[in-house]
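Right, one structure below, let's go through it.
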Amino acid sequence: MQLEITPFQESDHDRLVDIWYRAVTRTHAFLAESDIRFYRDIVQNGALREVEVWVGRGENQTPAGFIGLAGTKIEMLFVDPQYHGKGIGSRLIQHARKTKGDHLQVDVNEQNDGACAFYKRLGFVQVGRSELDGSGKPFPLLHLACKSFR
C-alpha cells in the first residue's frame with residue numbers, strides 16, 4: 001500500500017477519532033463498552049492535540065493510521081482495521097525512529113496480545129510493568145523500550 005506520512009491537521013481530527021474507536025473495539029476485547037466510551041471522550045476532547053501526531057495517508061490522502069508522540073515515547077498508535085497487517089503501523093514507527101531516534105518507548109496494555117507481539121517483533125523489550133493504566137484503571141501496562149530496530 002502506498003503511504004505518505006504527514007503532520008496532523010485539525011481537519012483530520014474526527015477521522016482519527018473514528019480510526020481510534022474502530023481499532024480499539026477490534027483489538028481491546030478486555031474493555032467494557034463503558035471503558036471505551038471513557039477513553040473515547042479523552043481522545044475526542046483533546047488527546048490528539050496534546051501530542052505530536054503523524055498521519056499515515058493512503059489513497060486520496062485518506063488517513064489510514066496515526067502515531068502520537070511525546071518526545072521519544074509513543075503515546076498512541078492506531079491503524080484503521082481495514083488496513084491491519086499491511087505494514088502501516090511498522091512504517092509509522094519507522095517514521096518516529098527517523099524523527100526521534102532509536103530509543104523509543106511505549107506502554108501497551110498487557111491484555112492486548114496483538115500489540116504486545118507487534119512491538120516485540122520490532123525489537124521492543126519489556127523494561128517494567130504497572131498494575132494500573134495512566135487513568136488509574138485496572139488495566140495493567142507493560143513498559144517497553146527499543147534501542148535498535150531490526
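The values are calculated or read from the model by the stated rules, or taken from the named source; none is laboratory data. Every value quoted in this text rests on a predicted model; they were computed, and no experiment measured them. FYI the Cβ positions are ideal-geometry reconstructions off the backbone, even for glycines, and counts take in every protein chain you see.
Quick one: in the range 40-64, which of the residues that are at pLDDT 95 or above and farther than 15 Å from His13 by Cβ is surrounded by the fewest Cβ atoms within 10 Å (Cβ to Cβ)? So, considering only residues that are at pLDDT 95 or above and farther than 15 Å from His13 by Cβ, the one surrounded by the fewest Cβ atoms within 10 Å (Cβ to Cβ) is Ala64. Checking each residue in the range 95-117 for being exposed (fewer than 15 other Cβ atoms within 10 Å of the Cβ) and more than 30 Å from Pro138 (Cβ to Cβ) picks out Lys98, Thr99, Gly101, Asp102. Determine whether Gly128 is loosely packed, with under 14 Cβ neighbours inside 10 Å, in contact with a His (Cβ under 7 Å, 6 or more places away or on another chain) and among the small types (Gly, Ala, Ser). Answer is yes for this residue.
Each residue in the range 2-17 was checked for being touching a strand residue (DSSP E or B) at 6+ places or on another chain (Cβ under 9 Å), of a type in the set (D, E, K, R) and exposed (fewer than 15 other Cβ atoms within 10 Å of the Cβ), and 1 pass.
Taken as a whole, the condition of being of a type in the set (Gly, Ala, Ser), surrounded by fewer than 18 Cβ atoms within 10 Å (Cβ to Cβ) and closer than 26 Å to Arg121 by Cβ does not apply to Gly68. Residues in the range 24-45 that are part of a helix (DSSP H, G or I) and in contact (Cβ under 8 Å) with a residue 60 or more places away in the chain: Thr27, Asp35, Phe38, Tyr39, Ile42.
Every condition in (1) free of Cβ contacts under 8 Å to residues at least 60 places away in the same chain; (2) touching a strand residue (DSSP E or B) at 6+ places or on another chain (Cβ under 7 Å) is met by Tyr21 except one, and the failing one is (2). Scanning the range 91-132 for residues that are under 17 Å from Tyr39 (Cβ atoms) and either among the polar types (S, T, N, Q) or over 15 Å from the mean Cα position of the chain (by Cα) (or both) yields a count of 5. Number of residues in the range 46-76 that are assigned to a loop (DSSP other than H, G, I, E, B) and either farther than 19 Å from Gly89 by Cα or within 12 Å of the chain's Cα centre (by Cα) (or both): the value is 3.
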